[in-house]
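Have a look at the structure below, then the notes.
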Amino acid sequence: MQHLKDYIFAETENYRGWVAPEFHDLAMQFSRLQNARSQQGGAALAVYFQGQKVVDIYTGKKSPDEDWQADTLSVCYSTGKGVLATLAHILVSQGLVDYDTPIYIYWPEFAQNGKALMTLRHVLSHQSGLYDIRNIIADATEMADWSHMLDVLAQAKPRFDVASEAAYQPLTFGWLVGGILEKATGQKLAELMQQYLVESLALDGAYFGVPASELSRVARPFKTAVTSAQTDASSTNKQTAKVKNQAKSSKRPVSIFDKVIAWSGQNPQDFQDGMIPKGMKNFSFFSDTGLQAVIPAANGVFTAQSLARIYAMLAQGGSWQGQQLIQPEVFQQLSQVQYVQRDRVMPIPMHWRLGYHRVLSLGKRSHGFGHMGFNGSGAWCDPDRQLSFAYTHNFAAGSLIGDYRLWGLSQEAIRCADRQLQGRKGWF
């Protein structure tokens, strides 16, 4: 109820930046959704339509003493998976790596424990069986050691036969894809990012491992008085606690949550094994160490503007300002749905492509794709509408399927585009 009141009575112009008149309704929606919590954190929204920037706005606080700025960077959790996948598709287009070549051809050590037939395609579509982080490292601090984690994944045994099932790879995805790209090209991931994405798209702020010189730009969550905004993550925390408690005691009474999970056929242990490394109390993605580590599945750091531009290129079929970064035949493959069933980890069907999932909104249908993060950040494209979208923030929210603000803003972005394309916004 409090969220509804906050929305109804919110200011509609509480943002800075620029917006095209045709997308002013989206900017107003952004203001409404952020206004009540604008002193507890900040957010940014960027949108491209038909190859042109139409929204580049931001609001709130980067820190207790600093306002959010146009170049503020934000930790985006799994939103970075879509960026890493995009880099992979560019390298496939360059002929430097192939979707269906066995990984061990590039990375000989990877053939261990039944992985000789595994390919980049299997990893990108979450059909590798290598989703388990909890049982392959002893402490979360190990995640900060890139070389060590590549060795760990090379030695790991999949939880199921490749392509026989699907399970979202919440943390392992980054080391797997990033490791394949490094082994195939002989270049470091940061070098590949710089050459093929940052320079090609003239991005200002896109990192897997933030340079020390850029740490001051990063917006981090900060402690405030308890507000309705800070309760956003409570349901997720309770769910995670239930999963942990179930693992600790088989004698605990069965809850409604447990019954629903059991009825659905999903095993809470898969969620825990994929999402929660042992010793997470010893590690923070927002510490300097966490920000500078290379953990591409979880600690990608971006501006909304950079994310929106990456997806603007995808919204135009892999082309950007005269450059064909992704070849048409590659684009056709990356955008094709690999399966529509729910996987072992995610609570709803995600319609996984090669590194992306479907666009989630509040009713509007889209054949587009992208990736959201655990904190409710997200970026996506809709090639049919030539529309791209990115939303970042630093609030302490968390959900496997995004924040309602992300869904609402995605809905309004599509509605604004449809008004230009079809003459009416519509709701569905």
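Laboratory data are not the source of any read-out in this text; all were calculated from the coordinates shown. Predicted, not measured: the structure shown is a model, and the values here were computed from it. Here the Cβ positions follow ideal geometry from the backbone for every residue, glycine too, while neighbour counts run over all protein chains shown.
Label separation (Ala190 vs Ala70): 2.7 nm, computed from points 7 Å beyond Cα along the C-beta direction.
Please give the charge dipole size of the range 138-211, origin at the Cα centre, charges +1 on K and R Cβ atoms and -1 on D and E Cβ atoms. Round to the nearest 20 debye. List each step's numbers first, then the result.
Values: 4 positive and 10 negative charges, 34 e Å.
Around 160 debye, computed over the range 138-211.
The packing ranking of peptides 33-40, 293-300, 420-427, highest mean first, is 293-300, 33-40, 420-427, where packing means the average number of other beta carbon atoms within 10 angstrom of each residue. The calculated FRET efficiency for Ser147 paired with Ser287, based on their beta-carbon distance and R0 = 22 Å, is about 0.65.
Available extension along the chain between Asp98 and Gln269 is 58.2 nm, counting 0.36 nm per residue and deducting the alpha carbon span.
Just tell me which aspartates and glutamates come within less than 19 Å, Cα to Cα, of Lys157; anything on the same chain fewer than 8 places away is out. Leaving aside aspartates and glutamates fewer than 8 places away in the same chain, those within reach of Lys157 are Glu109, Asp132, Asp139, Glu142, Glu165, Asp270, Asp273, Asp343.
Note that the range 57-62 has calculated 3J(HN,Hα) couplings of 10, 7, 7, x, 10, 7 Hz, one per residue in order, obtained from phi through the Karplus relation 6.51 cos²θ - 1.76 cosθ + 1.60 (θ = phi - 60°); glycine and proline are x. The calculated FRET efficiency for the pair Val340 and Gln52, based on their C-beta separation and a Förster distance of 41 Å, comes to about 0.80.
Listed peptides 308-314, 86-92, 271-277 appear in the order 308-314, 86-92, 271-277 once ranked by packing, highest mean of other Cβ atoms within 10 Å at the front.
How big is the Kirkwood radius of the range 130-204, worked out from every pair of different alpha carbons and given in Å to one decimal?
On the way: mean 1/r = 0.0719 Å⁻¹.
Answer for the range 130-204: a Kirkwood hydrodynamic radius of 13.9 Å.
Once backbone amide H atoms are built at 1.01 Å from N, Phe395 has Gly42 as its partners under 5 Å, excluding neighbours fewer than 5 places away on the same chain.
As a test of the formula, what do you get for the chain when each DSSP H run with n ≥ 4 contributes -39,500 (n - 2.57) and the sum is divided by the residue count, at 222 nm and rounded to the nearest 500 deg cm²/dmol?
Helix contribution divided over all residues of the chain: -10000 deg cm²/dmol.
When the charge dipole of the chain is built from unit charges on Cβ atoms (+1 for Lys and Arg, -1 for Asp and Glu) and taken about the Cα centre, the candidate among Trp175, Ile295, Ala163 whose Cα reaches farthest toward its positive end is Ala163. Once backbone amide H atoms are built at 1.01 Å from N, Gly378 has Gly373, Tyr391 as its partners under 5 Å, excluding neighbours fewer than 5 places away on the same chain. Couplings 3J(HN,Hα) for the range 208-223, derived from phi with the Karplus relation 6.51 cos²θ - 1.76 cosθ + 1.60 (θ = phi - 60°), are 10, x, 6, x, 4, 5, 9, 4, 5, 7, 7, 7, 10, x, 9, 6 Hz, where x marks Gly and Pro. Placing +1 on the Cβ of every Lys and Arg and -1 on the Cβ of every Asp and Glu, with nothing else charged, gives the chain a dipole about its Cα centre of roughly 1400 debye. Using θ = phi - 60° in the Karplus curve 6.51 cos²θ - 1.76 cosθ + 1.60, the 3J(HN,Hα) couplings for the range 116-122 round to 5, 9, 6, 10, 4, 4, 4 Hz; x is entered for Gly and Pro.
Dividing the alpha-carbon radius of gyration of the range 380-428 by 2.2 N^0.38 Å (N being the number of residues), what value is obtained? Walk me through the intermediate numbers first.
Values: Rg = 12.5 Å, N = 49, 2.2 N^0.38 = 9.7 Å.
Rg over 2.2 N^0.38 Å, computed on Cα atoms: 1.30.
Can you tell me the length gained on complete extension of the stretch Arg424 to Gln324, counting 0.36 nm per residue apart and subtracting the Cα distance? Show your work: numbers first, answer last.
Numbers: separation 100, 0.36 × 100 = 36.00 nm, distance 3.24 nm.
Full extension of this stretch gives 32.8 nm more.
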